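Following: one structure in structure tokens, then a few remarks.
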Amino acid sequence: MSDTIERVKCLIIGSGPAGYTAAIYAARANMKPVLYQGIEPGGQLTTTTEVENYPGYPDGITGPEMMIEFRKQAERFDTDVRDGWVTKVDFSGDVHKVWVNDTKEIHCDTVIISTGASAKYLGLPSEQKYLKLGGGVSACAICDGFFYRGQEVVIVGGGDSACEEAHYLSKLCKKVTMLVRRDAFRASKIMEARVRNTENIEILHNTNTEEVLGDGQVVTGVRTKNNVTGEIIDIPATGFFAAIGHKPNTDIFKDYLDRDDTGYIINVSGTSKTNIEGVFVSGDAADHVYRQAVTAAGTGCMAALDAERYLAAKEVTVKA
Ligand SMILES: Cc1cc2nc3c(=O)[nH]c(=O)nc-3n(C[C@H](O)[C@H](O)[C@H](O)COP(=O)(O)OP(=O)(O)OC[C@H]3O[C@@H](n4cnc5c(N)ncnc54)[C@H](O)[C@@H]3O)c2cc1C
């Protein structure tokens with residue numbers, strides 16, 4: 001093996017709640033984890049303000065502050081936290097090979113994938129402006145719906161997730177206006193029926209979002225255009241929710257790992273195991289259902305325990 005190739009017992013890819021939790025457990029099991037942060041150190045939560053639903057923070061905490069705490073706890077047990085982007089992997093042999101920034105090659109006994117997923121937004125400048133300001137744009141109704149209690153909100157999307165999120169919001173908000181680009185839902189009939197039968201959800205079909213309106217600080221409404229009639233309507237709202245899907249950050253694994261049609265890594269049910277021995281997955285990279293920090297952290301724990309047990313079993317086999 002060349003001097004430039006590093007050997008690592010447990011490599012963790014990603015620095016969100018899943019990656020850091022895996023690191024805490026792996027480090028305390030003496031696996032000397034190395035964790036690469038990627039281009040979003042701290043993960044998705046660093047893009048939000050208040051987190052009020054993570055247990056242990058009775059007064060809430062901002063996302064960036066919470067992720068600093070996760071990092072500190074992982075480093076307390078000597079996790080080697082590094083900057084770097086994993087650009088390539090080769091999981092074809094016994095030793096799993098990983099390349100960082102296209103140059104550094106690492107040979108790993110175990111790999112824990114915690115690369116998360118990215119919420120899709122429409123990409124309108126006004127949407128991005130209020131998203132960055134934390135002024136009323138969100139891609140997570142379960143995370144942020146609570147902040148809009150008793151208010152009027154707009155949600156865009158026509159799939160199952162959009163229906164589920166609209167229904168969730170309807171229980172908190174005074175009114176939910178759902179913008180669906182086509183004349184029909186993509187969602188299943190049962191999900192469509194659920195939103196259609198909810199009194200405070202209004203559905204606008206053939207409707208595009210033209211602009212998110214605001215006062216420079218917070219959202220005040222949404223400008224819509226009917227793509228059949230051309231009619232423009234401004235809908236008053238204090239919140240704008242994008243529910244048009246997520247993209248899991250798993251493309252680099254596509255030649256080796258089983259993934260579903262959207263790209264979520266498929267794990268062996270009830271475990272963090274993938275179809276490759278010694279490669280484990282945690283967090284949103286494998287979760288299209290819950291997508292919460294606490295579930296990501298939970299599966300990060302599972303991945304570290306599965307990795308530790310895999311190594312222990314391997315050592316017994318080698319000694320026997
Ligand atoms: C705006 C917003 C608000 C939210 N609010 C809440 C909330 O209040 N409560 C809650 O429970 N959940 C909330 N969520 C959801 C929560 O953030 C996610 O469920 C959680 O962060 C997923 O954790 P994860 O560790 O799986 O991945 P992420 O947090 O997505 O982290 C992924 C990590 O992987 C790294 N990475 C990706 N690819 C590579 C690569 N090739 N090489 C190296 N590193 C890589 C990234 O840099 C990042 O560090 C919110 C999400 C958003 C977008």
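Some observations on this one:
- Candidate lysines for bridging to residue 254, where Cα separation is under 17 Å - those fewer than 8 sequence places away on the same chain excluded: 88, 97, 273
- Between helix 17-28 and the chain: long-axis angle, C-alpha atoms, 0 to 90°, nearest 10: 20
- Inter-label distance for residue 184 and residue 75, nm, one decimal - labels placed 7 Å from Cα along Cα-to-Cβ: 5.5
- Principal-axis tilt of helix 293-319 within the chain, Cα atoms, nearest 10 degrees: 20
- Summed residue charge, Cβ within 10 Å of residue 176's Cβ, Lys/Arg positive, Asp/Glu negative: 0
- The stretch 263-320 - percent of accessible surface contributed by carbon and sulfur, probe 1.4 Å: 62
- With contributions of -39500 (n - 2.57) from each DSSP H run of at least four residues, the per-residue ellipticity at 222 nm computed over the chain stands at -8500 deg cm²/dmol.
- Relative contact order %, the chain, counting alpha carbon pairs below 8 Å whose residues are six or more apart: 20
- Antiparallel bridges, percent of DSSP beta bridges restricted to the chain (to nearest 5): 45
- Reference-scaled alpha-carbon Rg (2.2 N^0.38 Å with N residues) for the stretch 160-263: 1.27
- For the chain, built as a Gaussian network whose Cα springs stay under 10 Å, the top-fluctuating residue of 293, 22, 303: 293
- For residue 174 and residue 205, a Förster radius of 22 Å and the Cβ-Cβ distance give a FRET efficiency of 0.50, rounded to the nearest 0.05.
- Of the GluC sites (Glu not before Pro) found in the stretch 172-241, those that fall in a DSSP loop while having at most 11 other beta-carbon atoms within 10 Å are 199, 231.
- Taking the centroid of alpha carbons for each part, the stretch 224-291 and the stretch 14-83 are 21 Å apart.
The values are calculated or read from the model by the stated rules, or taken from the named source; none is laboratory data. In this text the structure is predicted, and so the values were computed from the model without any measurement. Glycine gets a Cβ as well: all are built from the backbone with ideal geometry, and neighbour counts include every protein chain shown. Ligands, DNA and RNA are stripped out before the accessible areas are found, and what is left, the full protein with its side chains, is counted by its heavy atoms. Shrake-Rupley method; radii C 1.70, N 1.55, O 1.52, S 1.80 Å.
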